[in-house]
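Enquirer: Before I ask anything, here is the structure I am working with.
The values are calculated or read from the model by the stated rules, or taken from the named source; none is laboratory data. Just so it is clear, the structure is predicted and the values come from calculations on it, not from any experiment. Cβ coordinates were reconstructed from backbone atoms using ideal geometry, including for glycine residues, and neighbour counts include every protein chain displayed. Side chains included, ligands, DNA and RNA excluded: accessible areas come from the protein's heavy atoms. Shrake-Rupley method; radii C 1.70, N 1.55, O 1.52, S 1.80 Å.
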Amino acid sequence: MINYFGKITLSIIKPDAVKNGYICPILIKTFNAGFNVKLIKTVKISKNLISKFYEEHRKKYFFNSLIKFMSSGIIVPMVLEKNNAVKDFRNLIGNTDPIIAKKGTIRNLYATSLEKNAIHGSDSNIKAIKECIFFFPNIINNIIKS
Ligand code: GDP
């Protein structure tokens, strides 16, 4: 796992982008930005489980709405590999609010609103590792030893 510290991030294509048909455009942009998709799956997640993922936001006014949204349809979690993965992917997706996100970023191009903002990207190297394990508990067998 040590070898991957700083070199992987967890992304999730959110239900709005899946419903709007943006899985492929987002994957192409991700590939063209130099990321290697190491693991990927489609899943519909329960409110209980996604609440654990967003635990840090539990006290925020938008928490219930965020949980309802994230459990409303298929999502696409993926482990992305690249040097400087966390920072570079945050730059690629843009600001949380698509109105503020720079032109050409994934959220600028494909988000629906501040909440339905198309994509997730880990915001630190520690969280990247934790979030990758959250969605891919077998990650050590699947990529570290491969
Ligand atoms: P991120 O790291 O850019 O995804 O942003 P945060 O960790 O701050 O928030 C997590 C997710 O909650 C965001 O990606 C949005 O989907 C949602 N969110 C953040 N801020 C707001 C807000 O002010 N209102 C609503 N409705 N949703 C928000």
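Enquirer: Which number in (1) touching a strand residue (DSSP E or B) at 6+ places or on another chain (Cβ under 6 Å); (2) within 19 Å of Asp123 (Cα to Cα) marks the one condition that Glu56 misses?
Expert: (1)
Enquirer: Right, Glu56: over 13 Å from the mean Cα position of the chain (by Cα), open to solvent by less than 50 Å² (accessible area, probe 1.4 Å), of a type in the set (D, E, K, R) and within 12 Å of the ligand (Cβ to nearest atom) or not?
Expert: Numbers: over 13 Å from the mean Cα position of the chain (by Cα): yes; open to solvent by less than 50 Å² (accessible area, probe 1.4 Å): no; of a type in the set (D, E, K, R): yes; within 12 Å of the ligand (Cβ to nearest atom): yes.
The answer is no for Glu56.
This table checks each residue for (1) within 19 Å of Asn125 (Cα to Cα); (2) in contact (Cβ under 8 Å) with a residue 60 or more places away in the chain.
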position: Ser11; (1), (2): yes, yes
position: Lys19; (1), (2): no, no
position: Tyr22; (1), (2): no, yes
position: Pro25; (1), (2): no, yes
position: Thr30; (1), (2): yes, yes
position: Lys38; (1), (2): yes, yes
position: Ser46; (1), (2): no, no
position: Leu49; (1), (2): no, no
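Enquirer: Right, here's the next one. In the stretch 28-43, is there at least one residue being outside any loop (DSSP other than H, G, I, E, B), aliphatic (A, V, I, L, M) and within 12 Å of the ligand (Cβ to nearest atom)?
Expert: no
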